[in-house]
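Trainee: Handing you this structure, nothing more for now.
The values are calculated or read from the model by the stated rules, or taken from the named source; none is laboratory data. Given the structure is predicted, the values throughout are model-derived calculations rather than measurements. Here the Cβ is made from the backbone with ideal geometry for all residues, glycine too, and neighbour counts use every protein chain on show.
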Amino acid sequence: MVRASVSQSVERTVQILALFEAERRPLPRLFIADALDMPRSSVAALLQGLTELDILLLDRRTQTYFPTARLGRLAGWIDQLFSVDPQVLALAKQLQQATLETVTLATPLNQALEVIDVELGLHPVSYIATVGQVVPLWASAVGYACLSMESDKTIAEMHRRSAPGDTAAPSPAALATIMDAVRKTRADGYTLYIGSVASDAATIAAPLPVPEGARALAVAISGPTSRIVANERELAREMKRAIESLNTSHR
């Protein structure tokens, strides 16, 4: 659910652009309206505005719309920010092969984290994650892993900057509990969290080494709670071994 402070036009514009990303072909106006269940008049107005801004191109012969090269240039630099070291991608694949569980990479996104790489588990029943999935910062294994790379002072400042009324931000009392978990993550080198995104799933996560000034990055192994909890030590050992090999290759 989008916050009430986000205008309906902004939300609909993002949905239209996301539809083009999913379809990756020229789309007629009526198809867009029907696919997104939006009023046709509203879609027409938004498409006209995006066309006038050179974000979309209207092919008058086929009456279809398609993103322009200008939109690609405006957003192209973002890919560079989220590009991941090939050795880190190899680490995620290595962990998936060794554990047979779903392995994800996540990076901070405001008061949350965004999944930027997924290696789906090889068990018949595995945790399903998707690139672009948003995970809570204050209530997840990857959240604790990323927070563990920050100082206590920085974490307190991050909490203070949480938007008033933001239900995702912990209360001062809850923050004290979270800080205990973050300190344990620093000491153990990993953390286990149950029921962050799905009630029947558990995740083991750890911070990854990144160059100075780079965005924080965490790796996670997720699966059914019973399996992850039963194999916690083995999974944590595999994760630490992979991270150590990454540290060695970066020296």
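Trainee: Any idea which of Ile116, Ile55 is surrounded by 18 or more Cβ atoms within 10 Å (Cβ to Cβ) and closer than 30 Å to Glu157 by Cα? Reasoning before the result, please.
Mentor: Values: Ile55 fails: closer than 30 Å to Glu157 by Cα.
Answer to the check: Ile116.
Trainee: Still on this model: Given the residues Ala18, Ala45, Ala22, which is the only one that is among the hydrophobic types (A, V, I, L, M, F, W, C), part of a helix (DSSP H, G or I) and more than 19 Å from Gly72 (Cβ to Cβ)?
Mentor: Working: Ala18 fails: more than 19 Å from Gly72 (Cβ to Cβ); Ala22 fails: more than 19 Å from Gly72 (Cβ to Cβ).
The conditions single out Ala45.
Trainee: Look through the range 58-73, keep the residues that are modelled with pLDDT of 85 or more and either among the charged types (D, E, K, R) or assigned to a helix (DSSP H, G or I) (or both), and return whichever of them is surrounded by the most Cβ atoms within 10 Å (Cβ to Cβ).
Mentor: The first filter runs over the range 58-73 and keeps only residues modelled with pLDDT of 85 or more, leaving 58-71.
Checking which are either among the charged types (D, E, K, R) or assigned to a helix (DSSP H, G or I) (or both) leaves us with 59-61, 69-71.
Values: Asp59: 11, Arg60: 6, Arg61: 6, Ala69: 10, Arg70: 13, Leu71: 18.
Per the criteria, the residue is Leu71.
Trainee: So Thr203 passes all but one of these: (1) in contact (Cβ under 8 Å) with a residue 40 or more places away in the chain; (2) surrounded by fewer than 16 Cβ atoms within 10 Å (Cβ to Cβ); (3) not in a helix (DSSP H, G or I). Which condition number does it fail?
Mentor: Here Thr203 clears every test but (2).
Trainee: Given (1) modelled with pLDDT of 90 or more; (2) among the charged types (D, E, K, R); (3) under 16 Å from the mean Cα position of the chain (by Cα), where does Glu101 come up short, assuming only one miss?
Mentor: Result: Glu101 passes all but (3).
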